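Data first, discussion second: the structure below is written as structure tokens.
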Amino acid sequence: MQGYPKPMKVFVTRRIPQEGIRVLSKSGVFELSVWDSDEPVPRAELLKGVAGVDGILCLLTDRIDSEVLDAAGPNLKMISTMSVGVDHLVIEEIKKRGMRVGYTPDVLTDATAELTVALLLATARRLLEGVQEVKSGGWSSWKPLWMCGYGLNGSTVGVIGLGRIGMAIARRLKPFGVKKLLYTGRAPKPQAAEVEGEHVTLGRLLSESDFIVVSCSLIPETRGLCDKAFFSKMKRTAVFVNTSRGPVVNQEDLYEALSSGQIAAAGLDVTTPEPLPTNHPLLTLKNCVVLPHIGSATYSTRGIMAELAATNLVAGLTGKAMPSELAL
Ligand code: NDP
Ligand code: DGY
């Protein structure tokens, strides 16, 4: 039909919650193609799927690099990721090509902060070990010196990256009786006053904290930040928790620190790689709790993330302001 605009093509790299699909379908402007599986799209299918599209809705498991951008071709105008983390996107190249990026900050902050607190408590109070002892018959009696861990009351907590999630974690931890809250980051944050947070050097945070929570984004400055030197400055009784991204931690150095008693315990929601191979040395340690990257995994949060990612995509492709556009 002459003059009738061609529908814009969109590739969605995974089966996502209905809330997102509903937004895309209702918009009526897309020819939608979905990799309709719970498992990640194989690389070859991704490259095929994006050919000729105007927009991509992707997940943190999809590496969107120059090869994908080239495979998509000149129509590609925007990428919407159903995540707040954007380390899987080649931001500089996307920027150079004049494309826009949508992401999902804020809507997952509470869920991720809640999971971080749960992981910290599970690690510090040895919940998984305790459950295992019950199941295996290792629980012989109530014993004064058995299954002791570390409590938050009167403690010093160090937050690496007091951003949206870092603040939400701090707010939740304070009522446990935390005495001092330290944080590091590029600059002091005015909002830290709400949790009486003190901006300190990394060295001071490491040597004074009883609990260290990593909630920064993965950028070149934070890649490998938690290494041998880092762990060697921590207290031997300190608990380390990472819910940011796996590559912030040097896992060989963490294994060494945990197995030698350099630090007390670690809780990880993120690892390198993901999934962590079942024969990975970290999984042999009783003082290491590893979760499968479930920070934002509540039913409602995932629905809202999908809806926001879809809304960003529709807005970006129809020339409207996105609710959450990444400043490039
Ligand atoms: P924000 O951008 O609000 O926070 C990131 C913080 O990291 C900022 O405060 C930033 O400080 C800080 N930062 C940057 N560089 C450093 C550094 N060298 N040392 C210390 N801090 C630094 O993002 P969010 O809080 O929304 O999310 C943070 C990250 O959490 C995401 O990027 C993602 O990787 C991860 N995440 C993980 C989830 C999970 O399921 N486990 C769920 C959701 C997010 P400044 O402001 O000074 O730049
Ligand atoms: C993100 O959004 O970056 C998380 O890792 C998953 O929700």
**Asked** Based on what the data block shows, is residue 225 more than 16 Å from ligand 2 (Cβ to nearest atom) and touching a Gly at 6+ places or on another chain (Cβ under 7 Å)?
**Response** no
**Asked** Are any residues in segment 58-94 away from ligand 2 (no atom under 11 Å from the Cβ), in contact (Cβ under 8 Å) with a residue 60 or more places away in the chain and within 23 Å of the chain's Cα centre (by Cα), and if so, which ones?
**Response** 78, 80, 91, 94
**Asked** Got a sec? Which helices (runs of 4 or more DSSP H) wholly within segment 15-118 have at least 2 residues that are buried (at least 18 other Cβ atoms within 10 Å of the Cβ)?
**Response** 18-27, 43-49, 66-72
**Prompt:** Looking at (1) away from ligand 2 (no atom under 16 Å from the Cβ); (2) assigned to a helix (DSSP H, G or I); (3) closer than 24 Å to residue 322 by Cβ, which is the one condition that is false for residue 168?
**Reply:** (1)
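Can you pull out the residues in segment 48-78 that are of a type in the set (Val, Ile, Thr), away from ligand 1 (no atom under 16 Å from the Cβ) and within 19 Å of residue 16 (Cα to Cα)?
Scanning segment 48-78 gives 50, 53, 56.
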**strands (runs of 3 or more DSSP E) contained entirely in segment 239-328, each with at least 1 residues that are within 12 Å of ligand 2 (Cβ to nearest atom), buried (at least 22 other Cβ atoms within 10 Å of the Cβ) and at negative phi** = 239-242
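Each reported figure results from applying straightforward, stated rules to the coordinates on display, with no laboratory input. Computed from a prediction, not measured in an experiment: that's the story for all the values here. Methodologically, a virtual Cβ is constructed for each residue, glycine included, from the backbone with ideal geometry; neighbour enumeration extends over all protein chains shown.
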